[in-house]
Amino acid sequence: MSTQCREVVFWTAADRWHPLHSTRGATAVTTFTIDEVTIPSGIADPGAVDFIEAIDLGNAVNALGYGTTDINYEPAEELPHFLNPHEPMTLLVARVDGRMAGRGIYETQTGEDADSAWLAAQVLPEFRGLGIGTALAEAVETMAASAGKSKALVYTPIPPMSGEQLTPPTGFGSVVRDHAATRFLLRRGYRLEQVERASRLGLPVDGLATRLADAEQSSGVDYVLRYWEGRTPERWLEGFAHLATRMSTDAPSAGLEEPEDVWTVERVIEFDDRNARLNPRRRVVAADEHLRSGSLVGFTVLSVPQQLVRAVDQYATLVLREHRGHRLGMLLKVANLEHLERVAPGHPSVITFNAEENRHMLDVNEAVGFVPIASESAWRKDLV
């Protein structure tokens, strides 16, 4: 961080942040403002310009951190997330001389037990060192503390580099200590809790039909695959809600202690309606039904962009703990890849994220052909 002193003034109105900052050096003064962006109801709304620019800025920063644009989402694809009533979000932007220089994000959950906030502070390279990242981080952290949240969680890419490494308590993965993002987070009181691996699978995958037949034989006769696109079929609404809830508790979260995220049938329907109305991406789903109980016990979701030149995003993959040991993870993975080739062929690759300690799922992915491309670090700061 620069040795320049900063003068910071914050004021609020109706819980909206409107800070004005100046950074003073020996010969120059840089002033920047931070304002909250109004989330548009549609991407074609006249007021969507700032939202679109903020998403594009985040994509530019993410592409530098991950070393690829495969992770990027278009503004229209991000909008449904920002309009999710179950996970309310606030979007801040910093400007220097009218130019957008950075953005901050505050996200939380609804409900009395929602004790966590997911935060981000991102600044374009040419505006770093001016105190903008610090001001954005202070703004979103203050929002979290004012809302009574007990902890702040941050996910950020830190490229693998040589030098002294910082290892999370899980013992899996590491980040270089002498990196700007590492130093910034440590100074702000965050601790590294987990490292995730981003992996890429080139498409099409050779021998999918054979792989699927082998996986079905290994999983046994007690399970059958179910497929759908887009809206969740009425028959599976309750089962999907249960799996989505268990995704928040069964997936490895190390010391992040991410809270349970309860899904109901009504929430699944609302989610499907919002995406059908706003999201240009397609959802391609495979699930495992346990025949004796008639219940869904595992699922995996692929998020498919409209443009064939773009990568497909691997969303949640989960097999309930009580049904593990039947190679259902492999079955779901290859089944949905074949499903993808049937309904949306032609994309170059699939991108997925997994905790480095989740060796079982990494084994599945590596067996299918996924290769590591980037790392993401997960950090926690206790606010109370």
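The values are calculated or read from the model by the stated rules, or taken from the named source; none is laboratory data. As the structure is a computational prediction, the values presented were derived from the model and not from experiment. Cβ coordinates were reconstructed from backbone atoms using ideal geometry, including for glycine residues, and neighbour counts include every protein chain displayed. When the accessible area is computed, the model is the full protein with side chains, heavy atoms only, and any ligands, DNA or RNA have been set aside. Shrake-Rupley method; radii C 1.70, N 1.55, O 1.52, S 1.80 Å.
Quick rundown of the values:
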{"item": "Contact order relative to length of the chain, as percent, for alpha carbon pairs under 8 angstrom and 6 or more apart", "result": "18 percent"}
{"item": "Under 17 Å from residue 381, Cα to Cα: lysines that are on another chain or at least 8 residues apart", "result": "149, 151"}
{"item": "Listed peptides 133-145, 270-282 by packing density, highest first (mean Cβ within 10 Å)", "result": "133-145, 270-282"}
{"item": "Pairs of alpha carbons in the chain whose separation is greater than 30 Å (percent)", "result": "42 percent"}
{"item": "Cα-based equivalent ellipsoid, the range 258-384: semi-axes from gyration tensor eigenvalues, Å", "result": "22, 21, 20"}
{"item": "Within-13-Å neighbourhood charge of residue 276 [Cβ basis; K, R +1; D, E -1]", "result": "+2"}
{"item": "Space enclosed by the convex hull of the alpha-carbon atoms of the range 35-145, per residue, Å³", "result": "107 Å³"}
{"item": "Zero-based 10 Å bins, Cα pair distances in the range 248-295, whole percents", "result": "19, 30, 42, 10"}
{"item": "Value of [θ]222 nm, deg cm²/dmol, for the chain, DSSP H segments ≥ 4, -39500 (n - 2.57) each, nearest 500", "result": "-9500 deg cm²/dmol"}
{"item": "Apportionment of accessible area to carbon and sulfur, the chain, percent (1.4 Å)", "result": "51 percent"}
{"item": "The range 247-317-the range 106-146 distance, computed between alpha-carbon centres (Å)", "result": "26 Å"}
{"item": "Principal axis box of the range 327-384, alpha-carbon based, largest edge first, Å", "result": "50, 25, 22"}
{"item": "Calculated diffusion of the range 82-213, Stokes-Einstein form, Kirkwood radius summed over Cα pairs, 10 °C and 1.306 mPa s, µm²/s", "result": "92 µm²/s"}
